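**Q** Supplied in structure tokens, the structure appears directly below.
The values are calculated or read from the model by the stated rules, or taken from the named source; none is laboratory data. Keep in mind that this is a model prediction, so the values were computed, not measured. Cβ sites come from the backbone with ideal geometry, for glycine too, and all protein chains shown count toward neighbours. For the accessible areas, the whole protein counts, side chains as well, though only heavy atoms, and no ligand, DNA or RNA atoms are used. Shrake-Rupley method; radii C 1.70, N 1.55, O 1.52, S 1.80 Å.
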Amino acid sequence: GLYTELRRLRQKFGQNYVVLPAFPQAHFLTGDCSPIPLDWVVKRETNGDSTMILKALSNSHPFVFIEKTFLKNITTDPELEHVRQIMERSVFVEESTFFMVYRYP
């Protein structure tokens with residue numbers, strides 16, 4: 001179901017998307033290139049610095065698919081601080097079974 005929904009969202013919103021906080025094979029499965037240089041958008045992968053990620057997002061303005069299984073932890077887990085920042089800066093688009101969809105401005 002997760003992969004089918006990813007494919008449906010990709011068809012609906014196009015190839016300019018990211019899946020947060022982590023879905024390492026998402027772009028491999030859809031044959032696209034990620035607009036950001038990381039598969040895992042967590043503090044330990046960025047050494048606590050979100051500048052690189054936010055700059056890449058600002059340059060590409062992708063759709064952001066946030067896996068709903070992580071939602072309860074996004075507000076409390078320090079490792080997910082970057083995802084929280086991205087959500088706060090993004091515009092909500094829709095909710096699906098497995099994802100919350102946003103657009104990074």
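**Q** Take every DSSP beta bridge whose two residues both sit in the chain, then give the antiparallel share in percent to the nearest 5. Present the calculation step by step, with values, prior to reporting the outcome.
**A** On the way: 10 of 14 bridges.
DSSP beta bridges in the chain are roughly 70 percent antiparallel.
**Q** If you don't mind, there's one more thing I want to ask. Go ahead and set up a Gaussian network model of the chain, Cα springs under 10 Å, then flag whichever of SER90, SER60, SER34 fluctuates most.
**A** Maximum among the listed residues: SER60.
**Q** To continue, here is another question. Could you list the square roots of 5 times each eigenvalue of the Cα gyration tensor of the chain, that is, the equivalent ellipsoid semi-axes, sorted largest first and rounded to whole Å?
**A** Details: eigenvalues 76, 46, 34 Å².
Value: 19, 15, 13 Å, ordered largest first.
**Q** Taking the Cα atoms only, what angle lies between the long axis of helix 51-60 and the longest principal axis of the chain, rounded to 10 degrees?
**A** 30
**Q** For the chain, take the longest principal axis of its alpha carbons; what is the angle in degrees between that and the long axis of helix 2-13, to the nearest 10 within 0 to 90?
**A** Between the helix axis and the principal axis of the chain, the angle is about 90 degrees.
**Q** Quick one, what does Rg over Rh come out to for the stretch 40-92 if you take C-alpha atoms and the Kirkwood Rh? Could you put the intermediate results ahead of the total?
**A** On the way: Rg = 10.7 Å, Rh = 11.5 Å.
Using Cα coordinates only, the ratio equals 0.93.
**Q** Next question, about the same structure. Roll a 1.4 angstrom probe over the protein heavy atoms and tell me the percent of accessible area of the chain that is carbon or sulfur. The partial results should precede the final answer.
**A** Working: 2970 of 5780 Å².
Solvent-exposed carbon and sulfur of the chain make up 51 percent of the total.
**Q** Right, here's the next one. Cβ under 11 Å from TYR17's Cβ, TYR17 left aside: what net charge do those residues give with Lys, Arg +1 and Asp, Glu -1? All intermediate terms of the calculation are to be shown ahead of the outcome.
**A** Working: positive: ARG10, LYS12, ARG103; negative: ASP32.
Result for the neighbourhood of TYR17: +2.
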